[in-house]
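Down below is the structure, laid out as structure tokens.
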Amino acid sequence: MIKKVAILANGGDVAGFNAVIRAIMRSAQTHGIECYGYIDGYKGLVENNYIRLDGNPIASGIIAKGGSIIGSSTNTIVFHYKVEHEDGSVTYEDLSDLCVKNVKEAGFDCVFTLGGDSTQKSARDLYLKGINVIGVPKTIDNDVACTEITFGYNTAVSVATDALDRLHTTAETHHRIMVLEVMGRFAGWIALESAISGGADVVLIPEIPFDLTKAAESIRKRQARGKNFSVVVVSEGAVSKNGESENFKAEGVDSKSGINVKFGGIGVKVAKELQELTGLEARCTVLGYMQRGGTPTAYDRVLSTKYGAKAMEYAMEEKFGILTVIKDGKLSSVPLEEVIGNNKEIGAVQGGTDTSNVRLVTMDNELIKTARNIGICLGD
């Protein structure tokens, strides 16, 4: 019987973290279950650093608050944990057994892991080592496998749409091409949805290698119709047909973390080349972390609450080693084994690898069809 649970928020922050935490905590309270939170994600698990949430003023009035009241960690892998020694040397050690020991000694019957691909890979590995875990899918990019939507994504699309509304007026006033670079390393969900909702003319996503001459041709056709401006949306991970992308080595991240490069800069490159191809002045805006922070939308508040409450329900049913998902619009669950794809080795390189089961935009997706039907150029 479940008596004591803990929550762990991991990876980049998104709007909705706190709403999930709140839902788990309140559901636990309803059933007389103690609820705790590990501080700074997997880092807190290693350091055995946690606080009680139920009855704690810090956990009051948080549904509309962005970020995470218990913090979060990025690039923290307990199976390959960076240890800094007094002499200044650095080693990477497998501290997963320490994590198992910490959870067992604390008496937690279940640990809820709020995060994306890498977070759930570690969750699955820890589950195989004896920790009862239940995952909740979080990622800005909306690319966690086996679920139709992740919390935080709707807010990111809304922020991008607002940015496009504002860029439209500048583009039209000054007869420019305005390029907006949005998040999306391997999947173009944010770019595609915001392009449709924000009335963009061109959208470039990682799933479709682009040819900028096609985009320029589309823009010139607009000019021929008297439209001397255009708005372009580009995913940070968009790749040209010759295989070129814009990324750089991520500081402080080693190869074992999986994603050891950061994307960024493709928007500037696209703007420069479109200006040369069309003769229209072009500018680029990189939305960056604006997509992550701030107040969650009503949609994300409800989605996060549904996810958290359902995760607690599964815990009381003692159904562990799963990810809470939405299938066909309904709450459900899938084994973490399915979520991680072929990246099966315990403690192996984390998310974002060729063997990861990342959810990408497929060419038969209704969003792709819709974009084409209304004349948005996809660069192909």
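The values are calculated or read from the model by the stated rules, or taken from the named source; none is laboratory data. Bear in mind that the values here come from a model prediction, so they are computed numbers and not experimental data. Here the Cβ is made from the backbone with ideal geometry for all residues, glycine too, and neighbour counts use every protein chain on show.
Things worth noting here:
- Once the range 268-313 is narrowed to residues that are touching a strand residue (DSSP E or B) at 6+ places or on another chain (Cβ under 8 Å) and among the acidic types (D, E), the residue that is surrounded by the most Cβ atoms within 10 Å (Cβ to Cβ) is D300.
Yes or no, residue by residue, for (1) surrounded by fewer than 23 Cβ atoms within 10 Å (Cβ to Cβ); (2) within 20 Å of the chain's Cα centre (by Cα):
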position: N142; (1), (2): no, yes
position: T150; (1), (2): no, yes
position: A163; (1), (2): yes, yes
position: E181; (1), (2): no, yes
position: S194; (1), (2): no, yes
position: V203; (1), (2): no, yes
position: A224; (1), (2): yes, no
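- Of all residues in the range 55-80, those being surrounded by fewer than 15 Cβ atoms within 10 Å (Cβ to Cβ), free of Cβ contacts under 8 Å to residues at least 40 places away in the same chain and at negative phi number 4.
- Test: V83 is surrounded by fewer than 21 Cβ atoms within 10 Å (Cβ to Cβ), hydrophobic (A, V, I, L, M, F, W, C) and either modelled with pLDDT under 95 or farther than 17 Å from I24 by Cα (or both): yes
- Selection within the range 93-130 - among the aromatic types (F, W, Y) and closer than 22 Å to I69 by Cα: F108, F112
To keep it simple, each residue is scored yes or no on (1) within 29 Å of V358 (Cβ to Cβ); (2) hydroxyl-bearing (S, T, Y); (3) in contact with a helix residue (DSSP H, G or I) (Cβ under 9 Å, 6 or more places away or on another chain); (4) in the same structural domain as D300 (by TED's automatic domain parsing).
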| site | (1), (2), (3), (4) |
| --- | --- |
| C146 | yes, no, yes, yes |
| S158 | yes, yes, yes, no |
| R166 | no, no, no, no |
| A171 | no, no, no, no |
| R176 | no, no, yes, no |
| R185 | yes, no, no, no |
| V233 | yes, no, yes, no |
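- Within the range 214-232, the only residue that satisfies the criterion of being closer than 24 Å to D364 by Cα and of a type in the set (V, I, T) is V232.
- Looking only at residues in the range 183-192 that are surrounded by 24 or more Cβ atoms within 10 Å (Cβ to Cβ) and not hydrophobic (A, V, I, L, M, F, W, C), the one that is nearest to the chain's Cα centre (by Cα) is G184.
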